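Below: one structure, written as structure tokens.
The values are calculated or read from the model by the stated rules, or taken from the named source; none is laboratory data. Since this is a predicted model, take the numbers as computed values, not measurements. We place every Cβ from the backbone using ideal geometry, glycine too, and count neighbours over all the protein chains shown. Please note that ligands, DNA and RNA were not included when accessible areas were found on the heavy atoms of the full protein model with its side chains. Shrake-Rupley method; radii C 1.70, N 1.55, O 1.52, S 1.80 Å.
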Amino acid sequence: MSKIKLGSQSSLYPYPATVISVEVDGKKNFMQLGFIGIVNANPGMIGFGIGKHHHTTKAMEKGMVFALAIADEDMLIKADYVGIRPGDKKV
Ligand SMILES: Cc1cc2nc3c(=O)[nH]c(=O)nc-3n(C[C@H](O)[C@H](O)[C@H](O)COP(=O)(O)O)c2cc1C
């Protein structure tokens, strides 16, 4: 079998479908995070990659509290929705 060159990609599977929630201007906002993982055991630390332009990021930059949830099967449709609709377009 010959080697297939994929180029430069961030591919590490599987990854959990994680939803991060914050409050933006008094309204709860959710978005999906794929780039997330444990980066240290003691003290416990996680790291994630999040785009600067997201509503979620703007709230986090103001120092607001955030929560994380790993989506289970029942949450998958909603987790997908918050992964494709930005905060100002979510209903
Ligand atoms: C499967 C999946 C994984 C995603 N992972 C990330 C991620 O790791 N980092 C990121 O910045 N955006 C990620 N996104 C995109 C955001 O979830 C999406 O742009 C979201 O609508 C932003 O919401 P907000 O503008 O309300 O904060 C992902 C989307 C999907 C569908």
message: Would you work out the Kirkwood radius for the chain? I mean one over the mean of 1/r across all pairs of different Cα atoms, in Å.
response: 14.8
statement: Calculated from DSSP helices alone, with each H run of at least 4 adding -39500 (n - 2.57) and the total divided by the residues of the chain, [θ]222 nm to the nearest 500 comes to -4500 deg cm²/dmol
task: Might you tell me the accessible area per residue for the stretch 18-86, computed with a 1.4 Å probe and given in Å²?
output: 71
Most positive-pole-ward Cα, I20, A79, S2, against dipole of the chain from beta carbon charges: S2
message: Ignoring ligands, DNA and RNA, please state the percent of accessible area on the chain from carbon and sulfur, probe 1.4 Å.
response: 60
